[in-house]
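I have placed the structure first, in the form of structure tokens, so that the comments after it can refer back to it.
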Amino acid sequence: MKKKSRLKKTSELHVEPSAEGVVKLLLKDHEAMRVLMKQVKSHRATPAKIYKSFELLEKLVLSHVKAEEYSLLNRIDHHPKFEDHAKESIEEHNIHENILKGIRRLRDQDRKITQMKIFCEMLKDHIDEEEEELFPQFKKYSATSTRKKMGTLFLRRREQTRLNGEHLGSMND
Ligand SMILES: [Fe+2]
Ligand SMILES: [Fe+2]
């Protein structure tokens, strides 16, 4: 008997579809990350402002990756069409988490800020790659209804991992 792909299983999930599909929701987070990364890398920003922006970026990234893996990557990482990109994204998430732990431990302010900016460059490459390769490929292959069900899973997980009262997705300063 032919083995069902994990993507197929997702399309059979008994969850209500969300108003927006998972790709659209992921892109919204990426957009909020880009705003925060710009603030971290700004030449005019004070160290205090950079610290604050990075703190928000870190919370957003940690919440985003959990929800991205749960709703999308873990469901397609055995699918021949997507496994390379999905596995690469997951491993990059692990690397990012380790780097964030290292930055948290640093005491020297100059080194900390330099590493925050380097992290932003790595994060930018990561989200550019997801947006240019994985997301369009997945969108082309998957049904709208599947993406909307995955959207529900994404929102649920995102809600569990975000900190109370924060609306990171709407940051625009
Ligand atoms: Fe990612
Ligand atoms: Fe992402």
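When each of 130, 83 is scored by the number of other beta-carbon atoms lying within 10 Å, the sequence from fewest to most is 83, 130.
Evaluate the distance, in nm, between pseudo-label points positioned 7 Å from the Cα of residue 49 and of residue 131 along their respective Cα→Cβ axes. Between residue 49 and residue 131, the label points sit 2.3 nm apart. Counting every alpha-carbon pair across segment 53-173, the share separated by more than 26 Å comes to 25%.
In this Cβ point-charge picture (+1 for Lys and Arg, -1 for Asp and Glu), the chain has a dipole of about 460 debye about its Cα centre. Between the helical axis of 47-68 and the longest alpha-carbon principal axis of the chain there is an angle of about 10 degrees. Residue exposure proxy: 128, 108, 29, ordered by other Cβ atoms within 10 angstrom of their Cβ from fewest to most, comes out as 108, 128, 29.
Of the residues 146, 46, the one with the fewest other Cβ atoms within 10 Å heads the list, and the complete ranking is 46, 146.
Step through the table entries 87/117; 28/101; 66/148; 41/112, compare each Cα-Cα distance with 21 Å, and write down the pairs that go over it. Over 21 Å apart, Cα to Cα: 87/117; 28/101.
Taking the chain as a Gaussian network of alpha-carbon nodes connected by springs under 10 Å, the highest mean-square fluctuation of the residues 158, 107, 147 belongs to 107.
Between residue 161 and residue 15, the distance separating the two model label sites (each 7 Å from Cα on the Cα→Cβ line) works out to 1.3 nm. Counting only alpha carbon atoms, the long axis of helix 22-41 and the longest principal axis of the chain meet at about 10°. Modelled this way, with points 7 Å down the Cα-to-C-beta line, the labels at residue 107 and residue 139 are 4.8 nm from one another. Look at the dipole of segment 19-158 built from charges on Cβ: of 137, 126, 61, the Cα furthest out on the positive end belongs to 61. Helix content alone sets the calculated 222 nm mean residue ellipticity of the chain: runs of n ≥ 4 DSSP H residues at -39500 (n - 2.57) each, divided across all residues, give -22500 deg cm²/dmol.
No lab work stands behind these numbers, since they all come straight from the coordinates. Just so it is clear, the model here is predicted, and its values are computed rather than measured. Methodologically, a virtual Cβ is constructed for each residue, glycine included, from the backbone with ideal geometry; neighbour enumeration extends over all protein chains shown.
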